[in-house]
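The values are calculated or read from the model by the stated rules, or taken from the named source; none is laboratory data. Bear in mind that the values here come from a model prediction, so they are computed numbers and not experimental data. Here the Cβ positions follow ideal geometry from the backbone for every residue, glycine too, while neighbour counts run over all protein chains shown. Surface areas here come from the heavy atoms of the whole protein model, side chains and all, with no ligands, DNA or RNA. Shrake-Rupley method; radii C 1.70, N 1.55, O 1.52, S 1.80 Å.
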Amino acid sequence: MSDLTAPGTVRMATAQGRWVLLTAVLGSGMAMLDSTVVNVALPRIGTDLHTSLATLQWTVNAYLLTLAALLLLGGALGDRYGRRRIFLIGMVWFAASSLLCGLAPNAAVLLTARALQGVGGALLTPGSLALIQAVFHPDERARAVGAWSGLGGVATAAGPFLGGWLVDGPGWRWVFFLNVPVAAVCVPLAARHVPETRAPTTHGRFDVRGAVLGAMALGAVAYALIAAPGRGTAPDVLLAALGGVLLALAFLRVERRDPDPMLPPWLFGLRQFTAINAVTVCVYAAFGGFFFLTVLYLQVGAGFSALVAGTALLPTTVLMLLLSSRSGELAQRIGPRIPLTLGPLVCATGMLLMTRVGTDASYRTEVLPAVTVLGLGMALLVAPLTATVLASVDVTHAGLASGVNNAAARASGLLAVAALPLLAGMGPETYRSATAFAAGYRRSLFLCATLLIAGAALAWFTLRSRTPVLGGTETPRQSEAQGRQQSAARDEEKAVRAEEGAAQGRANEFQGRADEVQRRTDEAQKRAGEVQGQHCRPQCAYHCGVSAPPLDPGTPSSAPPRTSGD
């Protein structure tokens, strides 16, 4: 690994920069892809394993539950033990659990394997983004994050298309088998081309208690929301709902009192960080509910095949690929406020257009316009959101920041998948009836659009209109003051240099006279020594001789040496 460029100095145009970006995209893309590709396979899984809508919800949420609960821990592990190391462990874990999903003989084994998949995803997802933040040069982080976001978004959007092709072809189990060869490519790439990085200030123990409480709270609330349509206000449903709320309060209490919490309260003292995570919750709740229900509806309600249903979302893939990197650069120039306000509004428009899709839908006139508008909104939104998250904290906390943001996104998606069928009036067997599912689907789209509008309002009223500087935490006033100080320092430096130049000229003028005087003095001393029969000692050529080089101007000889951090 000695031939690798040092972390923090890698450029995207170099071969190593391209390998690092490819590795991060493959790793995070595999996790993102799996979270959406499974949606296309849900109807076939339900048929083959004879499951209800609740089991299909858990097929998605078992993965999201462990992913959301452990993302913070995964980010902290990477910061302490090495981001590349934890990334590689997560990659291998994810591939092994994916293999178990593909071999599952029944729903119980499938749900268990999906939960294990989430553990692997929690290790590799924050690590992939933290690798980019720590490895690339500060000047190119925004561009790298934009490329990562765009290509990762492509993996998310391409999931339904790829899943449809696999479901209609070799079968739904290949949706999971696909992850094994991807990991086989990614692991050696990371080992060879990605330098190891750590956060130098990490210490203390890991907050396992907080992770367990968080997972239990999310699981209990999700169980209550998923079970309610079929069981109503049964005692176990009410007990789960109450227990989830109490566990969430216990989680917050533990995080406030723990000396090393996985969700440090000081993070939410950063206004920008808190605001962008609130926007994330609204946006990704809408996306989670939309992608879960849309791919189901296109097959059950509109009568599309799995492949056609997946292909229907292809325009979002193309638009994310073409525009996300430019969107990240735009936000770097004009600040995140406008892109993060317009992006959710455009996405909401696309979702409302999807309400026109009936049980005998035309792809060209009904589906295509809606998903095109949705793709434009996603391209405008995703890269600036991710870059703003990282810009709100110091680079040494990149793993923690990306973990918190990813946890917020996955938890909101989990709750949306659990809650939307209940709020839209869908029962356990609704997905087997095209007419009943169409009515519930339209109500769900209005709820998703409402969440996006709320996210746009939050962005407009809470985010600052300034260019995000990745890895910085200064406020606008601090930034302005720093700029004034730097300008004053430059002016003072110019004045000092001019004064030194003038002084040097005068010194040169007197130098010749001083040399002549010194020569005559030496001759006189020599004659005097000869007279007295003695010779004087050679004078100090550095401290006393007039011909000695001058000391560094402005640096007292007693001052301690300056370090690079001064």
| message | Principal axis extents for the stretch 5-108, Cα atoms only, whole Å, descending order, please. | response | 54, 27, 19
| message | If I model a spin label at H50 and T349 as a point 7 Å from the Cα along the Cα→Cβ vector, what separation in nanometres do I get? | response | 4.9 nm
| message | For L100, project a label point 7 Å along Cα to C-beta. Then give me every residue of the stretch 115-138 with its amide nitrogen under 17 Å of that point. | response | 115-124
| task | Calculate, in nm to one decimal, what R192 and D139 gain on full extension: separation in residues at 0.36 nm each, minus their alpha carbon distance. | result | 16.7 nm
| query | So what's the stretch 17-69 giving for Rg/Rh, alpha carbon basis, Kirkwood Rh from the mean inverse pair distance? | reply | 1.15
| query | Between the stretch 15-78 and the stretch 369-430, what is the C-alpha centre distance in whole Å? | reply | 13 Å
| message | At R0 = 35 Å, how high is the FRET efficiency between R231 and T450 if r is their beta carbon distance? Nearest 0.05 is fine. | response | 0.85
| message | Just to confirm my numbers, what's the Cα centroid distance between the stretch 282-301 and the stretch 226-248 in Å? | response | 24 Å
| Nearest-0.05 FRET efficiency for Y81 and V212, computed from C-beta distance (R0 22 Å) | 0.60
| request: Ignoring everything but the protein chains, give the 1.4 Å probe accessible area of Y223 in square angstrom, nearest 10. | output: 80 Å²
| Between E329 and T112, what is the spin-label point distance in nm, taking each point 7 Å from the Cα along the Cα→C-beta axis? | 5.1 nm
